[in-house]
Amino acid sequence: MVEIITVRGLSKGFGEGEKRVQALNGVDITVYEGDIFGVIGLSGAGKSTLVRCLNRLEEPDEGTIVINGQDIRKLGKAELNIARRNIGMIFQQFNLLSQSSVISNVCFPMEISGWSRASAKRRANELIKLVGLEGRENAYPAQLSGGMQQRVAIARALTLSPKVLLCDEATSALDPSTTRSILALLRKINKELGVTIVIITHQMSVIEEACNRVAILDKSRIAECGDVEEVFRNPKSDIAKLLILGEGAHRTEFGPEGRCVRIVFDGKSAFEPIIADIVLNCKAAVNILFADTRTIDGVIYGQMLIQLPDDEAAAERILNYLDGAGVYFCEEAKRNA
């Protein structure tokens, strides 16, 4: 795997003295060529600061940022402007020119880069078609839905054929259906154009649906990083468990003490038959303590926490059944006083 973004020891603070806020503190991440890499965390964790440091919209205090083999922090202004042509960016609020048409918005980066009008228009039309806005070339932002405006922003970000696309909460202002369509477009761009994508979000559903790798930020530091499937199946940090399982999974008032098992639905296992099949095949009842599942592209993702019977033989039958059925699960070390 080829590293396209390598961040080491990245730190950034705002303010002075007692009012100083440390937004990033010694952050290390590695993004490989072809990744759709997600960065998730609660509000104030440092997500947007991180992505804005990657192209030096914010100047880091410490650390190294290597993108496409260049140490971004060592570049002068002119060199940085050239390097930024390989780093596209889209934002939550679209940032379109309100008095310009769709095609004029898309042409804008090329015009300021010295492209001829004919070449810019030809490239813009290709990208407008790619993002699904063919026929809307002469519309103005106010005439477009939020999802359409974001598609214009994506087309504009791709004009100079960047190798990396940074997305700062790009779906936060959109409804769930539109969010899914934008994420599908990003996956298409990643696959067809080979663009490496970094997605900043506070929504775990965005990570599940679009990303192959994820970093979880907590209080300005990386709490956990890895393949989405592995982090989702086996979250180790408290913040990962909170984001993936939700607050309900951390409750302690589950009732009588006993052995608990967390079942993970990762799109590869069925959902509806499991509990019923446990009862039928194992001749034992289980207590569902917590469940949070969702359907994405027709498959089930989510978590369920169940309490095993007190009878050890029945409990072992259930564990053996889950193992034989190919269901991912792990036993929780939870006992209530």
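The values are calculated or read from the model by the stated rules, or taken from the named source; none is laboratory data. Please read all numbers here as calculations on a predicted model, not as lab measurements. Ideal geometry is used to build each Cβ from the backbone, glycine not excepted, and the neighbour counts take in all protein chains shown. The area values use the complete protein model at the heavy-atom level, side chains included, leaving out ligands, DNA and RNA. Shrake-Rupley method; radii C 1.70, N 1.55, O 1.52, S 1.80 Å.
Every residue in the stretch 185-195 that is open to solvent by less than 60 Å² (accessible area, probe 1.4 Å) and either within 13 Å of the chain's Cα centre (by Cα) or among the charged types (D, E, K, R) (or both), please.
LEU186
Give the stretch 89-109 a look and list any residue that's within 25 Å of ILE36 (Cβ to Cβ) and free of Cβ contacts under 8 Å to residues at least 24 places away in the same chain, or say none. Give the derivation first.
The first filter runs over the stretch 89-109 and keeps only residues within 25 Å of ILE36 (Cβ to Cβ), leaving 89-96, 105-106, 109.
Result: no residue meets the conditions.
Here are some residues: SER172, SER205, SER237. Which one is surrounded by fewer than 19 Cβ atoms within 10 Å (Cβ to Cβ) and closer than 25 Å to LEU127 by Cα? Spell out how you get there, then give the answer.
On the way: SER205 fails: closer than 25 Å to LEU127 by Cα; SER237 fails: closer than 25 Å to LEU127 by Cα.
On inspection, the qualifying residue turns out to be SER172.
Pick from the stretch 35-54 the residues that are in contact with a strand residue (DSSP E or B) (Cβ under 6 Å, 6 or more places away or on another chain) and of a type in the set (Gly, Ala, Ser): which of them is surrounded by the most Cβ atoms within 10 Å (Cβ to Cβ)?
GLY38
Out of everything in the stretch 1-12 that is part of a strand (DSSP E or B) and not hydroxyl-bearing (Ser, Thr, Tyr), what residue ends up being farthest from ASN190 (Cα to Cα)? Quick ask: steps written out before the conclusion?
The initial filter retains those residues of the stretch 1-12 that are part of a strand (DSSP E or B), namely 3-12.
Adding the requirement that they be not hydroxyl-bearing (Ser, Thr, Tyr) leaves 3-5, 7-10, 12.
On the way: GLU3: 16, ILE4: 14, ILE5: 16, VAL7: 21, ARG8: 25, GLY9: 28, LEU10: 26, LYS12: 29 Å.
It comes out as LYS12.
Could you tell me which numbered condition GLU208 fails, if it satisfies all but one of (1) out of contact with any strand residue (DSSP E or B) (no Cβ under 7 Å at 6 or more places or on another chain); (2) among the acidic types (Asp, Glu); (3) over 20 Å from MET1 (Cβ atoms)?
So the condition that GLU208 fails would be (1).
State yes or no: is PHE91 under 17 Å from the mean Cα position of the chain (by Cα) and either basic (Lys, Arg) or over 29 Å from GLU137 (Cα atoms) (or both)?
Values: under 17 Å from the mean Cα position of the chain (by Cα): yes; either basic (Lys, Arg) or over 29 Å from GLU137 (Cα atoms) (or both): no.
In short, no.
Kindly evaluate ALA210 against the criterion of being of a type in the set (A, V, I, L, M), at pLDDT below 95, crowded, with 23+ Cβ neighbours inside 10 Å and under 22 Å from LEU57 (Cα atoms).
In short, no.
For the stretch 129-161, enumerate the residues that are assigned to a helix (DSSP H, G or I), without any contact (Cβ under 8 Å) to a residue 40 or more places away in the chain and over 22 Å from LEU193 (Cα atoms).
Narrowing the stretch 129-161 to residues assigned to a helix (DSSP H, G or I): 129-130, 141-143, 146-157.
Subset that is without any contact (Cβ under 8 Å) to a residue 40 or more places away in the chain: 129, 143, 147-148, 151.
Within the stretch 129-161, GLN143 is the sole residue that qualifies.
Could you please give the count of residues in the stretch 61-97 that are closer than 14 Å to GLY13 by Cα and either open to solvent by 40 Å² or more (accessible area, probe 1.4 Å) or modelled with pLDDT under 95 (or both)?
Total satisfying the criteria: 2.
Can you go through ILE189, ILE197, ILE182 and tell me which one is under 30 Å from CYS225 (Cα atoms), assigned to a helix (DSSP H, G or I), touching a residue at least 40 places away in the same chain (Cβ under 8 Å) and β-branched (Val, Ile, Thr)? Working first, answer last.
Working: ILE197 fails: assigned to a helix (DSSP H, G or I); ILE182 fails: touching a residue at least 40 places away in the same chain (Cβ under 8 Å).
The conditions single out ILE189.
Before we move on, is ARG123 of a type in the set (D, E, K, R) and under 24 Å from ILE197 (Cβ atoms)?
It is true that ARG123 is of a type in the set (D, E, K, R) and under 24 Å from ILE197 (Cβ atoms).
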